[in-house]
1. Using helices alone, I'd like the mean residue ellipticity at 222 nm for the chain: each DSSP H run of four-plus residues gives -39500 (n - 2.57), total over residue count, nearest 500.
2. Picking from L133, L101, L175, which is most flexible by a Gaussian network model of the chain using Cα springs under 10 Å?
3. Arrange D78, D172 by Cβ neighbour counts within 10 Å, fewest through most, would you?
4. Taking 7 Å along the Cα-to-C-beta vector as the label spot, tell me the R89-M104 distance in nanometres, rounded to one decimal.
5. If neighbour count is taken as other Cβ atoms inside 10 Å, put L125, L62 in order from fewest to most.
6. For the residues I106, I79, what sequence is obtained by ranking on other C-beta atoms within 10 Å, fewest first?
7. Show which aspartates and glutamates lie in cross-link reach of K67 when reach means a straight Cα distance below 15 angstrom and same-chain residues fewer than eight apart are skipped.
8. Using modelled backbone amide H atoms (1.01 Å from N, in-plane), which distant-in-sequence or interchain residues come within less than 5 Å of D32's amide H?
Amino acid sequence: MKKQSEGTAKISVKDLSLYYGEKQALYSVSLDIEEKKVTALIGPSGCGKSTFLRTLNRMNDLIDGVKISGDIVIDNEDIYKSSDVIKLRTKVGMVFQKPNLFPMSIYDNVAYGPRAQGIKNKKELNKIVEESLRGAAIWDEVKDRLKSSALGLSGGQQQRICIARAIAMKPDVILMDEPTSALDPISTLKVEELIALLKKEYTIVIVTHNMQQAARVSDKTAFFLNGEIIEYDVTNNVFSNPKDQRTEDYVTGRFG
Ligand SMILES: Nc1ncnc2c1ncn2[C@@H]1O[C@H](COP(=O)(O)OP(=O)(O)OP(=O)(O)O)[C@@H](O)[C@H]1O
């Protein structure tokens with residue numbers, strides 16, 4: 001039973017099903033995602049975690065033959081009924097598995113989105129770039145080389161620049177699809193520390209294969225299996241006191 005004392009739902013998903021052509025990938029998924037918390041999506045390969053994540057900013061719309069039913073309400077607005085996908089993707093930013101910076105300077109990468117939105121004033125752009133890099137805990141490392149190529153940074157630094165690029169759009173929600181799977185342990189730790197800072201301001205949903213990571217960074221965890229949510233609870237309960245045998249088997253490493 002869901003307790004009423006829990007935080008406010010920023011995102012409310014009801015009865016969401018998704019098909020890639022004939023193949024069903026999500027089965028009537030319902031989930032309330034709390035504001036300014038970190039929600040982890042875990043489960044074995046192919047269970048639908050990334051598919052689910054991508055529905056939250058309509059990234060699946062870009063794939064041919066995708067059919068979606070159900071509702072996703074963000075801030076009282078059904079995102080599949082409103083047609084303004086650009087506005088949605090500004091509000092719900094995304095960070096991918098591999099850093100995907102543009103072959104341009106650090107500054108231009110972070111300023112890219114704001115410029116595309118029409119911001120041209122240099123002072124204003126400088127402010128956004130600095131605030132975003134500070135917000136992504138990488139300002140001190142790059143402040144003296146803002147005009148150098150972003151691709152000259154380490155993978156971990158590049159991923160934090162990707163996070164800065166997302167922050168520069170002033171989103172409410174940041175989706176992260178296995179953001180540390182391509183990183184070494186020290187860079188992973190830095191990104192995890194950053195996630196802990198970011199949740200003061202943003203609602204974060206993260207897909208991870210790394211169970212320790214889910215346990216370290218998230219407040220709530222949803223366990224997916226074959227396109228369904230098997231268990232969704234406070235992270236500590238999912239890992240220490242799971243209600244479903246399948247969750248227990250997964251978190252204790254019996255399959256996956
Ligand atoms: N573009 C696509 N076209 C067709 N089927 C797809 C597509 N993307 C994903 N699928 C299928 O949908 C199911 C769910 O995939 P999804 O990538 O969401 O799982 P996942 O849990 O994120 O897996 P992983 O942990 O391996 O990334 C899988 O069976 C996958 O093969």
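Each reported figure results from applying straightforward, stated rules to the coordinates on display, with no laboratory input. On a predicted model such as this, the values are computed, not experimentally measured, just so you know. Cβ placement follows ideal geometry from the backbone for every residue including glycine, while neighbour counts extend to all protein chains displayed.
1. On the way: 10 runs with 90 residues, N = 256.
Here the helix-only value at 222 nm equals -10000 deg cm²/dmol.
2. With Cα springs under 10 Å in the chain, the top fluctuation among L133, L101, L175 is at L101.
3. Working: D78 12, D172 17.
Going from least to most buried by this count: D78, D172.
4. With each label point 7 Å from Cα toward Cβ, the separation is 1.5 nm.
5. Details: L125 18, L62 9.
Starting with the residue having the fewest Cβ neighbours, the order is L62, L125.
6. Details: I106 28, I79 22.
Going from least to most buried by this count: I79, I106.
7. D15, E22
8. Those qualifying (amide H under 5 Å, at least 5 residues apart or on another chain) are V13.
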